[in-house]
Every structure is written in C-alpha cells, then in structure tokens.
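Report on one structure; see the data block that follows.
Please treat every number below as a calculation from the coordinates, not as lab data. Keep in mind it's a predicted model, so treat the numbers as computed, not measured. Reconstructed Cβ throughout: ideal geometry from the backbone, glycine too, with neighbour counts over all protein chains shown.
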Amino acid sequence: MNMDQLKRQAAARALEEVRDGMQLGLGTGSTAKHFVELLGERVAAGLKVIGVPTSEATRADALRCGVPLTTLDEIDHLDITVDGADEIDPELNLIKGGGGALLREKIVAAASDRMIVIADDSKWVPTLGKFPLPVEVIPFGLGATRRAIEKAFAECGVSGQMAVRKAKDGHVFVTDGGHWIVDAQLGRIVDPPGLAKALSAIPGVVEHGLFIGLASSAVLAGGGGIRVIERRKPKGDQE
Ligand SMILES: O=C[C@H](O)[C@H](O)[C@H](O)COP(=O)(O)O
C-alpha cells in the first residue's frame, strides 16, 4: 500500500466518528484532503454536516466535493476537527504548518470539542523537531522578531538554522492571513510546551506550528494496519 492509500485509510477511519448534524473543522494538507473527499461522498449520500475550512485550499476542495460550509462567526463551536500533521509525539503534541495553514488550523482546533489527527505512521516520532518548525511572523520588523525567536530557542535549549519560506515560484510564501513563515531546523525539541509558550510571547510571532494539548486522538495508518492513540490528559492540559 502506498503513502497516499495509507492517508486515505486514516481519513476513512476518522470519518467513522462523524455523525449526522455535526459541525466539523476541516483540516489542510494531502491527508485532510482525503477526509474532505470522503466526507463529500457521505454528504452526497444524505449525511447532514457543516464544515469550517482551515485554508482557502480546503475551502475550494470542500466546495468542489459538495460539503456545506460555515464560519466561526456563524456557529459557536465545532464537534470534531479532522486534520493532518507533520509530526506527532507520544503525548500527542504536534508540529503542523508544513502547508502553511497553521494559524487557521489552530484557531479551528481550539474551537473544537475534539481534534482527530490523521496521518500515515511515518509522522509518528519519539521527539518532535526533525521536521522544521514553522513560525508564522509579521513581515514588519522581521530582524527583531528573528532575534527574539533565537533568544527563545536558546532559553528552551534548542538551536538551528532559520529560513523564510519560499513558494515554488521563488517568491516569499505568503499565508492565507497575509503573513510570512520562518522554518526552524531544530532537530530535537526537548520541551515542546515550554517552547510553545516562549514563542507565543514574542510580539512579531503571529502563531507557531507547535500544537500542544489540542489533539484528542491520532489515527495512524501503516503497513500493519490502523492504530488509534487516545490522548490521556484532558484537552487543553499542557502539563
Ligand atoms: O499547514 C499544513 C498542515 O499543518 C498539514 O496538516 C500538515 O502539513 C500535514 O500535511 P500532509 O497531510 O500533506 O502531510
């Protein structure tokens, strides 16, 4: 089974949790796209749900697949968000934002009763950090923000090269919110909650790709089948 088939399997398993009448957060990326497509098939067959997309790309996919959409201004909570991840550790801390959608993804996940992370099992790691950590920044004063980020890294016992993300055409990548992303090659993040807190305190940082205490469960598809890992601590508990 190839990687794409594994991603679809994980998406199909998460779809089993969806019930009639649910309000859903719709993630971004190649794995979440499978979920949106499979959800669209169920909607065509009569399932009544409404979704909030986490990116303009997912909005377009959802519309193409016939999934009705709303916003967090029109509804006050979401039952489940289903989203992919770039790395998942045993505490269900995540690195997200490889596709640049981390800000909306975090807003949507935080507004959800449950977040189900779907992935092929290559995303499962003992320690976060091999995947470059995306930090979404305001372009104004970027030099000062980068220095503050470096200081936060040092205080949290990590270091590594930082680079402003480029799009495929060579221009700076601009997020749906009009911001830039700095990717940091940290290798090994020893204290993800501590680093998350330090980055969130920097004025020029809009958001970062560490998702701490947000995932309720992870559905991992691999050669040996599907594993569902439930979070042991209540949602939002970072200790
Ligand atoms: O910004 C993108 C998101 O955080 C994605 O969920 C993440 O990058 C995983 O994407 P994929 O399912 O394509 O590996």
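Details
- Relative to the Cα centre, the charge distribution of the chain, modelled as +1 at Lys and Arg Cβ and -1 at Asp and Glu Cβ, gives a dipole magnitude of about 400 debye.
- Structure remark: mean-square fluctuation, Gaussian network model of the chain, C-alpha springs under 10 Å; the largest value among LYS33, LYS151, LYS106 belongs to LYS151.
- Net dipole in debye of segment 133-205 [+1 Lys, Arg Cβ; -1 Asp, Glu Cβ; about Cα centre; nearest 20]: 120 debye
- The length gained by stretching the chain between ALA12 and GLU56 to full extension, at 0.36 nm per residue less their Cα-Cα distance, is 13.6 nm.
- Each of HIS77, LEU39, LEU102 was scored by the projection of its Cα onto the charge dipole of segment 27-130, and the greatest displacement toward the positive side belongs to LEU39; charges sit on the C-beta of Lys, Arg, Asp and Glu.
- Mean Cα-pair separation over length for segment 133-205, i.e. relative contact order, pairs under 8 Å, 6 or more apart, %: 47 percent
- At q = 0.13, 0.24, 0.26, 0.27 Å⁻¹, base-10 log of I(q)/I(0) for segment 133-205 (Debye sum, equal scatterers on each alpha carbon): -0.36, -1.12, -1.25, -1.32
- Mean-position separation - Cα centroids, segment 63-123 and segment 131-156, in angstrom: 24 Å
- The residue among VAL190, GLN9, ALA62 whose Cα reaches farthest toward the positive pole of the charge dipole of the chain, with charges on the beta-carbon of Lys, Arg, Asp and Glu, is VAL190.
- Percentage relative contact order, the chain, counting C-alpha pairs under 8 Å, at least six apart: 22 percent
- GLN185 versus ARG232: modelled label distance in nm, points set 7 Å from Cα along the beta carbon direction: 3.4 nm
- GNM result for the chain, Cα springs below 10 Å: residue of ASP73, ASP191, ASP183 fluctuating most strongly: ASP73
- Charge dipole of segment 133-205 about the Cα centre (unit charges at C-beta), most positive-ward option of ILE138, LEU199, GLN161: GLN161
- Cα shape, the chain, gyration tensor, a/c 1.5 rule: prolate
- Whole-percent pair-distance distribution, where bins are 10 Å wide, for the alpha carbons of segment 174-236: 16, 35, 34, 13, 1
- Virtual spin-label span in nm between ASP76 and ARG19, 7 Å along Cα→Cβ: 2.0 nm
- FRET E, pair LEU142, SER200, Förster distance 22 Å, beta-carbon r, rounded to 0.05: 0.80
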